[in-house]
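The values are calculated or read from the model by the stated rules, or taken from the named source; none is laboratory data. All values reported here derive from a predicted model rather than from experimental measurement. Note: ideal-geometry Cβ built from the backbone for every residue, glycine included; neighbour counts use all protein chains shown.
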Amino acid sequence: MKTKLKILHLPYSVFGYRVLDKEQLDYLSGLYSVKYTFGRTFTSFVVYPPTILKKMYQQFKNANGITIQSYINSLRDLKLDDYNVIINCMGLGAREVVPDAKVIPIRGQITRISAPWINQVVVDEDTGHYFIIPNIHNCVLGGTHQKNNFCTEIDDNDKEFILNECMELIPGIKHAKLISHWVGLRPGRDKIRLVSEEKDGKFYIHNYGHGGSGFTLFWGCASDVLDIFDNYMKTKN
Ligand SMILES: Cc1cc2nc3c(=O)[nH]c(=O)nc-3n(C[C@H](O)[C@H](O)[C@H](O)COP(=O)(O)OP(=O)(O)OC[C@H]3O[C@@H](n4cnc5c(N)ncnc54)[C@H](O)[C@@H]3O)c2cc1C
């Protein structure tokens, strides 16, 4: 049901959405030497996290933003004493720090290859898990979605699994040069927690639990955080 709702929404959320007709399926089948029987297409953009994060960090610094790197044990940590408003974006860290047991790791292993001949994102809609995403420097093959798995080591079985699943989408990737493997832990939660609360004289805005969609949702969530903050400041003036 969840998937159906997502797909029903898709035609109204993206540019150029259409179900591929036979001619288009035949074209793509010829292009990638595989028999596609059904597909949907739309136009969007791919965000390359290291680039956008670097740029946004620079913007923050240009606006006289200051960063202090430090480990926080809890929301009552003494290091937070000097601050009246705390925006909690601790991802998986919220599990221990809030603490919020609903936050779980969703282990994601991916593979990077060199395949400049791929210029479309291909996602396996049946599982929603396997994808081929070309970006500026290389092409990302993914990925695992292992709930409650904290392991950040590369797993050989996962390597093979990812490659096999992605080869079903585009068989030619077996000839591509391997660049690297990588593992990250998505900060999973049954739903995002974006709420505020006043406690012990401090105002907290919680914004965590974005799972595998943090880069898709960050702009909207940050904008909600800002609205909450602005409203709070109005009540204080
Ligand atoms: C393999 C993989 C593929 C992904 N693909 C996509 C994708 O295609 N599209 C998409 O939108 N998203 C994707 N994601 C998800 C995306 O990376 C996350 O949703 C996003 O990084 C979450 O951002 P965040 O800032 O909430 O948490 P994080 O990026 O985890 O940041 C949390 C920060 O809090 C800090 N922190 C935590 N605990 C403490 C503590 N106790 N004290 C001090 N600091 C602390 C951490 O050091 C970190 O800097 C993917 C993730 C993985 C692993």
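Quick look at the values:
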{"item": "Counted residues, segment 67-94 - those being at negative phi and touching a strand residue (DSSP E or B) at 6+ places or on another chain (Cβ under 7 Å)", "result": "11"}
{"item": "In segment 61-86, the residues that are outside any loop (DSSP other than H, G, I, E, B) and either surrounded by 10 or more Cβ atoms within 10 Å (Cβ to Cβ) or touching an Asp or Glu at 6+ places or on another chain (Cβ under 7 Å) (or both)", "result": "Lys61, Lys79, Leu80, Val85, Ile86"}
{"item": "Residue count, segment 87-114 (criterion: in a loop (DSSP other than H, G, I, E, B) and within 11 Å of the ligand (Cβ to nearest atom))", "result": "5"}
{"item": "So Glu198, is it free of Cβ contacts under 8 Å to residues at least 40 places away in the same chain, surrounded by fewer than 11 Cβ atoms within 10 Å (Cβ to Cβ) and not assigned by TED's automatic domain parsing to the domain that holds Ile133", "result": "yes"}
{"item": "Strands (runs of 3 or more DSSP E) contained entirely in segment 152-237, each with at least 2 residues that are within 15 Å of the ligand (Cβ to nearest atom) and aromatic (Phe, Trp, Tyr)", "result": "202-208"}
